[in-house]
Amino acid sequence: MHGIVGATAAGTPVDLGPELERRMLVPLLLAKGKAVSRLELTDWMWDEAPEDAPDEIEEHLTGLRRRLAALRFRQTMVNRDQVCRLTIAPEQVDAHRLTSAVTEADRLDDRTAAARLREVLDLCAGVPLAGLSGRRIARCRHALLEERRNAEIALIRTESRLGRAEEHVPDLVRLSHERLADTEVVGLAVATLHRTGRLAEAAALYDRHREHLIELGMSMRKLLPDPRVESH
């Protein structure tokens, strides 16, 4: 789901059909084997459904089932009683692997967690749902990007405990600008910049964070310590 919605067989990318079939596949993959109604599929496939949507859905379901069968997922698609179900294990879907890695990071030792997070972030490096359009797709893309940011932050926190935060300064700065109201993320970036001798950048980021909180009308009680003020 990160990158073009598709599949691989023996390491080789496999075409999963035209855009409408790939749009249809998204909610089925997100559902983790739970039933998805025809009405829900319609909402993902079209912003404004055509009059012959029921017939088109049936046609695209047939095409998708045929493509999955070619990947040896012959019993994967269940389609009856106006609902559909895709019985693919969550670990076979990159987005679910990413979520799992973030959830389990705190239960693993830091070295193992960092290695797993790096592996899954490499897997999820592409633009989510690339080549697909539509309102539901756009909202899903935003959610997938946010989940990837969560994984990046989890990795940086873990690497910081291992004494390797300095290696992630560019990513920390980028994430801080993307989450300027997040005191924890900005605080880690400010502290790392300060520790590596980049005081001017640390101070500038601190000031932008403070101004942003004021603009949002947020409480200043948890404001970060100013990196220009020496603690005693």
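The values are calculated or read from the model by the stated rules, or taken from the named source; none is laboratory data. Worth saying up front: this structure is predicted, and the values here are computed from it rather than measured. When we count neighbours, we look across all protein chains shown, and the Cβ atoms used for this are built from the backbone with ideal geometry, even at glycine.
Table for the structure above
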| quantity | calculated |
| --- | --- |
| Per-region count, segment 79-96, residues in contact (Cβ under 8 Å) with a residue 12 or more places away in the chain and outside any loop (DSSP other than H, G, I, E, B) | 9 |
| So Glu215, is it acidic (Asp, Glu), loosely packed, with under 14 Cβ neighbours inside 10 Å and at pLDDT 90 or above | yes |
| Extreme residue, surrounded by the most Cβ atoms within 10 Å (Cβ to Cβ), among residues of segment 149-183 that are within 19 Å of the chain's Cα centre (by Cα) and over 27 Å from Arg210 (Cβ atoms) | Thr158 |
| The lone exception for Glu51 - which of (1) in contact (Cβ under 8 Å) with a residue 12 or more places away in the chain; (2) in a loop (DSSP other than H, G, I, E, B); (3) more than 21 Å from the chain's Cα centre (by Cα) it fails | (1) |
| Residues of segment 57-67 satisfying the condition of being touching a Ser or Thr at 6+ places or on another chain (Cβ under 9 Å) and touching a residue at least 24 places away in the same chain (Cβ under 8 Å) | Ile57 |
| Test: residue in segment 121-131 that is more than 16 Å from Arg23 (Cα to Cα), outside the structural domain of Trp46 (by TED's automatic domain parsing) and among the acidic types (Asp, Glu) | yes |
| Identity of the residue in segment 97-125, surrounded by fewer than 13 Cβ atoms within 10 Å (Cβ to Cβ) and in contact (Cβ under 8 Å) with a residue 40 or more places away in the chain, that ends up nearest to Ala154 (Cα to Cα) | Arg111 |
| Failed item in (1) under 17 Å from Ala89 (Cα atoms); (2) in a helix (DSSP H, G or I); (3) in contact with a strand residue (DSSP E or B) (Cβ under 9 Å, 6 or more places away or on another chain), with Leu41 passing the rest | (1) |
| Qualifying residue in segment 24-31 (condition: closer than 22 Å to Leu129 by Cβ and loosely packed, with under 14 Cβ neighbours inside 10 Å) | no |
| Complete set of residues in segment 21-38 that are within 22 Å of the chain's Cα centre (by Cα) and in a loop (DSSP other than H, G, I, E, B) | Ala31, Lys32, Gly33, Lys34 |
| Residue within segment 13-20 that is part of a helix (DSSP H, G or I) and within 21 Å of the chain's Cα centre (by Cα) present | yes |
| Single residue of Asp94, Asp109 found to be in contact with a Gly (Cβ under 9 Å, 6 or more places away or on another chain) and outside the structural domain of Val26 (by TED's automatic domain parsing) | Asp94 |
